[in-house]
Amino acid sequence: MDEGTELSLTIAQIVQRLKGSHLHSQIERQAKECLHQPEIKLESLKEDVRSFLKTSGWERKLQNAVYRELHVQLPPSHPAAPPEHLKEPLAYMRKAQASWEKRVLKSLNSMSTELGVPLARMRPAAEQKELANKWNEMGTDEPDLTRFRPVYAPKDFLEVLISLRNPNHDSSEDVSAKSHWGLIQVPLNVRDIPQLRQAYSELNLFTGQLGIDDHAHIHPGSADLFESEYVQIGKKVVVEQDSAAAQQYSRQGCPTGLRADLWALILNSTNQPQDVMHYEQLKAGVIQHELLVDNLIYKDVKLTASNDDYYFVFEDFLYQVLLCFSRDTAVLEHFKYNSANPPKSYIQGKVGDDECAVVYPPNGVIPFHGFSMYVAPLCFLYNEPSKLYSVFREMYIRYFFRLHSISSSHSGIVSLCLQFERLLQTHLPQLFYHLRQIGAQPLRIAFKWMVRAFSGYLSTDQLLLLWDRILGYDSLEIVAVLAAAVFAFRAENLMEVTSLASAEAVLADLSTLKVMPLIQIFLFATAI
């Protein structure tokens, strides 16, 4: 397909998607209302209306909406390509993902059968009233969760990724023996340091970075100057309300006081009255019906965030956001470009009847052990539940879903694992070989960090600096780079270890690490 056809196809898709949106009707209404204004002349009607929409800020809102659509858009493909090819072009990846989904759903269904807990039930009126009254303090309620277990943990998922093979690829053809050192044995294209340097050029040693140049002990005298100038630019970006500018700005980090506004702007998460209303409707759905996955959410928050020194205070927020998220059918939209398919269950007594199959849970996402840690860091930025919710949902449908589905995407977890292993093998071969020999494959240690995008492992200020760059570069690649940089930083100690347990002990606490110096040194000060 040539470039012109591809562009016109993309434009047509975006126009189609925006046509039914709330923004479309708002702009239409504004255009009609402006016709009564004296400066709108009949002979130059089109230009005058356009100019009015520009000066009144509606053109910028439309630009941001288009920019958002470009980020969640299906990749351009041949018009005759079947829908499953748009979700994931490689057949063996699709097959592995489908078989993993079956396994997860089977685990959920067998839990329902064993425990005698229905997948969904209507709450009695008294229970509804009680939940509505304690909505803001759900953490005080201690339901008995001893019988429930997470449907799966990241290590179960890692085993599936390790077993992935491309049936058309003969690995004996590989020139380098290094390719056999790692656990991931699929041929995907991942970037090495020279390509990463080009892609992440703003992170170079000569460009100011929040997370480095704002620290007085690193740059005495110039730190305050850099920060105050950088904050001024950030304020201008927020005033301009331009998503693309905010994304570019975020590549060098977001100042603490502006981060919430900048992230919402990048994600085009505007928290309009209709967004607040949508959140209230989801809340009403939680109050009316109880789902089996609610117990999985409670259990996960109790096992992870409630035990975390940074996040335990947000327990109530996490319940609210995650329970509403599980009911949100708008999340199903992302399955158009996600290699996964939403799981389906049958209405009671109608098993096997496809007409009675419904998506379960309603958002199509079964939470796993650690899922709540995708939301926890955002609680530091947003204290209004509806705003927190809309930012999290957008982060999930752009980035986080890729961390727990099998795909060939550059930001997918398979590529991140492979990239991590390749970076280590290429630039720290002795360390990789040593760890492999003692039965401490690096990926077995780093996988849990990557699958959570480091949430719960780094201190919060450092994690937010990392997520600034995920948003700024619209990619999760930086997560794999940081994982490799952590190993490089602790390489000396790791060369001394003699077992997996001692290697894990060396890497057990990452809370003192400074993210940006590690990434910068690994990418720009490593000899190639």
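Listing for the model above:
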{"read-out": "Calculated SAXS-style log₁₀ I(q)/I(0) at q = 0.23, 0.29, 0.35 Å⁻¹ - the stretch 289-328, Debye, Cα scatterers", "value": "-0.70, -0.97, -1.19"}
{"read-out": "Two-decimal ratio, the stretch 199-325, of alpha-carbon radius of gyration to 2.2 N^0.38 Å", "value": "1.42"}
{"read-out": "Hz values of 3J(HN,Hα) by residue in the stretch 505-512 - Karplus curve (6.51, -1.76, 1.60), Gly and Pro given as x", "value": "5, 5, 10, 6, 10, 9, 5, 9"}
{"read-out": "Contour excess over end-to-end distance, with Cα ends at S99 and H289 and 0.36 nm allotted per residue", "value": "65.4 nm"}
{"read-out": "Given the chain, longest segment not containing exposed loop GluC sites (Glu not before Pro) (DSSP; at most 16 other Cβ within 10 Å)", "value": "40-495"}
{"read-out": "Estimated FRET transfer efficiency (L9, E496; beta-carbon r; R0 45 Å; 0.05)", "value": "0.20"}
{"read-out": "Accessible surface of the stretch 233-346 [probe 1.4 Å, protein heavy atoms]: carbon and sulfur percent", "value": "54 percent"}
{"read-out": "Computed FRET value (nearest 0.05) for N166 with A81, which takes r as the C-beta separation and R₀ as 25 Å", "value": "0.80"}
{"read-out": "Debye-sum result for the stretch 474-528 in log10 I(q)/I(0), which assumes one identical scatterer on each alpha carbon, at q = 0.21, 0.22, 0.23, 0.29 Å⁻¹", "value": "-0.84, -0.90, -0.95, -1.19"}
{"read-out": "Tensor-based shape of the stretch 402-463 (alpha-carbon gyration tensor, a/c under 1.5 rounded, otherwise prolate or oblate)", "value": "oblate"}
{"read-out": "Approximate spin-label separation R50-F312, in nm, with each point projected 7 Å along Cα-to-Cβ", "value": "6.0 nm"}
{"read-out": "Above-threshold pairs, the threshold being 30 Å between Cα atoms, out of K19/K299; K32/K336; K155/K344; K106/K336; K54/K336", "value": "K19/K299; K32/K336; K54/K336"}
{"read-out": "The chain - Rg over Rh from alpha carbon coordinates, Kirkwood radius", "value": "0.97"}
{"read-out": "Kirkwood Rh and Cα Rg combined as Rg over Rh, evaluated for the stretch 334-471", "value": "1.06"}
{"read-out": "Dimensions (Å) - the stretch 278-387, Cα atoms, principal axes, largest first", "value": "48, 31, 26"}
{"read-out": "Kyte-Doolittle mean at least -1.0 and Cα axial length at least 27 Å: DSSP H helices in the chain", "value": "91-115"}
{"read-out": "Stretchable slack from K106 to E240, in nm (0.36 nm times residue separation minus alpha-carbon distance)", "value": "43.3 nm"}
{"read-out": "Compactness of the stretch 90-176 - radius of gyration and Dmax, Cα, Å", "value": "21.0, 68"}
{"read-out": "Cα-based Rg and Dmax for the stretch 354-435, where Dmax is the largest Cα-Cα distance (Å)", "value": "17.9, 58"}
{"read-out": "Potential lengthening between W135 and V359 on full extension [0.36 nm per residue; Cα-Cα distance subtracted]", "value": "78.1 nm"}
{"read-out": "Under 22 Å from the Cα of K514 - lysines, other chains or at least 8 residues apart", "value": "K448"}
{"read-out": "FRET efficiency estimate (nearest 0.05) - Cβ-Cβ, T426 to A153, R0 35 angstrom", "value": "0.70"}
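The values are calculated or read from the model by the stated rules, or taken from the named source; none is laboratory data. The structure displayed is predicted, hence computed values, not measured ones. As a convention, Cβ positions derive from the backbone with ideal geometry for all residues, glycine included, and neighbour counts pool all protein chains shown. Surface accessibility is based on the protein's heavy atoms, side chains included, excluding ligands, DNA and RNA. Shrake-Rupley method; radii C 1.70, N 1.55, O 1.52, S 1.80 Å.
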